[in-house]
Structures are given as C-alpha cells and as structure tokens.
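*Asks:* This structure is in structure tokens; I'll ask about it shortly.
Read-outs throughout are calculated quantities, based only on the coordinates presented, and are distinct from any laboratory measurement. This structure is a prediction, so every number in the text was calculated from the model and none was measured. Please note: Cβ atoms are built from the backbone with ideal geometry, for glycine as well, and neighbour counts cover all protein chains shown.
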Amino acid sequence: MAAELSLTTDRGPDGMPRLTATGEIDLSNVAQLIRGLNTVSAGSRGPIIVDLSTVRYLDSAGINALFNHADKVDRLHIIVHRLLIRVLTICGLDKVAVLEAAPAPEDGAG
C-alpha cells in the first residue's frame, strides 16, 4: 500500500516556484514526488523551493530524488522539519541544496 502523500505547487512570497509536500515519502510514492519536482521546475531557470516541513517520514528513495533534482535546477531550497536537518546534512544534501529548518510549531509540539 502506498504511503499517503499530498503535493501542491504554487509560488512563494518571493515569487519562487514552490512544491509543498504533506505526508510521507518512500519508495511507494517517490514517482509522485519526482513528477511534482519536474512540474514545479518546468520552465523555471531560477531556484525552486521544496517545502517538506510537514513530511512525517522521508526514506532513501525520497532523499535520492532530491539529490537527483538538485542537479537539474539552478538552486534547490529545501525546508524540512528541524529533526531531519541532521540526517540530510550527514547524507551530504547540504552540499548540493540549501537546507532550512522549518520553524518550530507555536505550541512547542513537534
């Protein structure tokens, strides 16, 4: 059974194309993530934002998709839950993309 993943595309406040993912990213739905990345970067010569701040799970298939897409765009800016920053840095994703920790929730949860 495929993990639940919801994707939306829009533009951030700065006008940069943005892909926002909610749910989980794993081998069962990584093709959906790849299609979303391709859609948001189509026709864009500049940087893109990938907002994974509410993604609850990201496996190696998702990390590989982000690595592969970083090579296709001018700059990949990824916003992730603060607990994932260390994992993605250890993987070396910070060498090919800008990593940003999502702000902590107002109520201190998460």
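*Asks:* GluC sites (Glu not before Pro), restricted to the range 3-110: which are DSSP loop and have at most 15 other Cβ atoms within 10 Å? All intermediate terms of the calculation are to be shown ahead of the outcome.
*Replies:* Working: sites: 4, 24, 100, 106; in loops: 4, 106.
Qualifying residues, ordered by number: 4, 106.
*Asks:* Fewest first, what order do 58, 99 take by the number of other Cβ atoms within 10 Å? Don't skip to the answer; put the middle values down first.
*Replies:* Values: 58 22, 99 18.
By the 10 Å Cβ count, ascending: 99, 58.
*Asks:* Using amide H atoms built in the peptide plane, which far-off residues or other-chain residues are under 5 Å from residue 50 H to H?
*Replies:* The list, which skips near neighbours in sequence, is 19, 77, 78, 79.
*Asks:* So, one more: Test of understanding: ordering 73, 55 by Cβ neighbours within 10 Å, fewest first, what list do you get?
*Replies:* Ranking 73, 55 by Cβ neighbours within 10 Å, fewest first, gives 73, 55.
*Asks:* Put +1 on the Cβ of each Lys and Arg and -1 on the Cβ of each Asp and Glu in the chain; which of 39, 13, 62 then has its Cα farthest toward the positive end of the dipole?
*Replies:* The residue sitting farthest along the positive end of the dipole is 39.
*Asks:* If you take the Cα Rg of the chain and divide it by 2.2 N^0.38 Å, with N the number of residues, what do you get?
*Replies:* Cα-based Rg divided by the globular estimate yields 0.99.
*Asks:* Pop out the ³J(HN,Hα) list for the range 31-40 in order, Karplus 6.51 cos²θ - 1.76 cosθ + 1.60 with θ = phi - 60°, rounded to Hz; leave Gly and Pro as x.
*Replies:* 4, 5, 4, 4, 4, x, 4, 5, 5, 5
*Asks:* Something else now. Just subtract the alpha-carbon distance of residue 60 and residue 81 from 0.36 nm times their residue separation and send over the number in nm, one decimal.
*Replies:* 5.9 nm
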